[in-house]
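Okay, so here's the structure we're looking at.
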DNA sequence: GTCCCGATGTATCGGCCCGATACATCGCTA
DNA sequence: TAGCGATGTATCGGGCCGATACATCGGGAC
């Protein structure tokens, strides 16, 4: 999952670890807390070892500081990395449909085709519907088994499920009829989301 | 976090691993997927080694099956375990306020005092408010930086934050004025779970 | 003027937790 | 009688987190 996120971001811009972390945090918003360094740097090395990314002649003291030994290490994605990213974003396993997995996929939807988007959206909906049914069962048949707080938690969870299903329905409808997210009144759609094109 | 959940459940009933897993899954509803065996059994051993729980003379073939070697292992909580649980549920670190941590704490709110509940509820609210402010900033100032899907994700996250803050406000108000979760119109009080839909 | 603090930056370590897998028994259905 | 799904315990590899260490720079406090 992390692989996809990092590859996806590097596809837009070469970056160093610290920057990557911040970009990811704002892009994923609420989905993920913020990738930890204990994950980030080992992952970058793993991706480099696999050939998906390379160090981009870091030249220390480039933009602002770090004049001494080992300045910031800027990574850029390779051709194999782009292939890998395309594979990752198109293939959907079970982990694609849990909260974190779906969030990352969705954040990079602009880089996929409509068929993939629909498949993932529908898989996610199925997952949430199952969760919802489970909660309904529990709430309907287990009145005396739980205390008021536990019940409230389950009720709140059920509410979130119903809301998310509605959200997904809307997205699916929009997707089917050709267009990107609706954005009814809240905000304007800033130009068309361009799938690919790496240089701004 | 897992420690708290297991200790909390064993405080209600002695149980074996498999049962623990199922109980936890229904109790926590949407919060946690369902504890994996790769976590559960090592954790039980760790808790036992620490003296928080003990094997309860398992006597195989007790309830239904498992007549041969190594039947189900039933665990029960010890006095030290109860102390430990009380410590865990009362003390609130930063991990208390993220999704999983808060969910587990909340699920066992019936076993805490009002002061602790209020402290945790307010800490959680603070956390979500921070998240919400972060998302508002991103959404207000970064119109052209993100594609429509990313924006939609952030907007959806913001919506969830606002909703959760409202939920927490309500809980805090109820808590301050003495009584447990309100359950205004959504569902009846525990003993009469309204039958909904059809269930053959 | 200097001193500390927070942001920027890379890196490692211990530990929690998950997914996959293996093994074993029971009860139901085909 | 054969298979399958639920029940049940257990291990292994690996992803990811939190804490920590180290290093530099800019700015505000004193």
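Observations on the structure shown:
- Listed here are the helices (runs of 4 or more DSSP H) enclosed by the range B:94-181 that have at least 2 residues being surrounded by fewer than 20 Cβ atoms within 10 Å (Cβ to Cβ) and without any contact (Cβ under 8 Å) to a residue 40 or more places away in the chain: B:114-141, B:148-176.
- Count - residues of the range B:141-172 that are over 30 Å from residue B:110 (Cα atoms) and more than 9 Å from every other protein chain (Cβ to nearest Cβ): 1
- When residue B:81 is tested against (1) surrounded by 20 or more Cβ atoms within 10 Å (Cβ to Cβ); (2) within 21 Å of residue A:31 (Cβ to Cβ), only condition (2) is not met.
- Entry remark, the range A:6-20: residues being assigned to a helix (DSSP H, G or I) and under 18 Å from residue A:49 (Cβ atoms) number 5 in total.
- Residue A:89 vs. criteria surrounded by 17 or more Cβ atoms within 10 Å (Cβ to Cβ), out of contact with any strand residue (DSSP E or B) (no Cβ under 9 Å at 6 or more places or on another chain) and not assigned by TED's automatic domain parsing to the domain that holds residue A:158: yes
- Qualifying residue in the range A:28-51 (condition: in a helix (DSSP H, G or I), more than 9 Å from DNA strand D (Cβ to nearest atom) and within 14 Å of chain B (Cβ to nearest Cβ)): yes
The values are calculated or read from the model by the stated rules, or taken from the named source; none is laboratory data. Note that this is a predicted model, so its numbers are computed, not measured. For neighbour counting, all protein chains shown are included, and Cβ atoms are generated from backbone atoms with ideal geometry for every residue, glycine included.
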